[in-house]
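The structure under discussion appears below in the form of structure tokens.
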Amino acid sequence: MSFDHLAAAMGLTHSDMTTYGAEDMQELISILGALDRADGVEEPWLVAGGAWERLMKVRRKRLGSVATASIPLGPGVLVLFDGSMPVFVGEAIGKRGLRGRIQQHRATGTNLSSSTLRASVAVDVLGVSRWTARQRPSVLPGDMIEEVNEVVAELRVGWIECATPDEARELKGELWAEYKPEYNIL
């Protein structure tokens with residue numbers, strides 16, 4: 001996984017790498033995280049009292065094993081995590097709400113074009129271009145698609161139900177104002 005996006009969101013630069021003796025951004029984030037944990041701060045990229053703080057408290061389930069019937073049909077915001085790091089945020093505003101949107105992201109077929117998450121995982125994990133990942137029909141061989149499916153299935157998902165699609169859009173907007181996860185950007 002690339003840590004450059006997280007480093008940019010945290011305002012870190014290559015001169016910070018030199019200051020802390022880190023060889024790359026991943027190591028710099030690890031060093032700074034260790035220093036923060038020593039000071040009692042678990043997730044330094046969170047804005048205290050912000051929308052992400054609310055989402056970090058929701059229950060998370062492994063995407064590949066969450067029971068479809070347990071996913072609400074109403075509108076809301078969903079977040080996928082790799083460990084404790086949010087890597088994707090999306091809104092669910094269609095007629096099948098959160099259930100429909102989460103099912104699109106955990107689909108295992110060859111079509112990556114209907115899920116920004118799956119396409120972004122392909123870019124990150126396989127090193128293919130965004131254009132290649134979004135082709136329909138897919139130009140990727142089955143073993144590459146399977147690798148994407150395996151990575152996606154291991155991500156953890158959490159969601160917040162919203163009363164209306166407008167409320168879901170507003171919450172996603174608040175989240176984006178604080179932090180944009182890497183799989184939304186690729």
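Since every read-out is calculated from the coordinates, none of them should be taken as a lab result. Note that this is a predicted model, so its numbers are computed, not measured. A quick note on method: Cβ atoms are made from the backbone with ideal geometry, for glycine too, and the neighbour counts reach across all protein chains shown.
Observations
- Of the residues Val157, Val121, Val58, the one with the fewest other Cβ atoms within 10 Å heads the list, and the complete ranking is Val58, Val157, Val121.
- Label-zone membership for region 79-108, site Val139, 7 angstrom Cα→C-beta point, backbone N under 16 Å: none
- Paramagnetic reach from Ser65 (point 7 Å along Cα→Cβ, amide N under 12 Å) across region 97-134: none
- A DSSP coil position with no more than 10 other Cβ atoms inside 10 Å describes none of the GluC sites (Glu not before Pro) in region 83-186.
- Region 51-185 - Kirkwood radius from inverse mean 1/r over Cα pairs (Å): 14.9
- Inter-site label distance for Val58 and Ser15 at 7 Å from Cα along Cβ, in nm: 3.9
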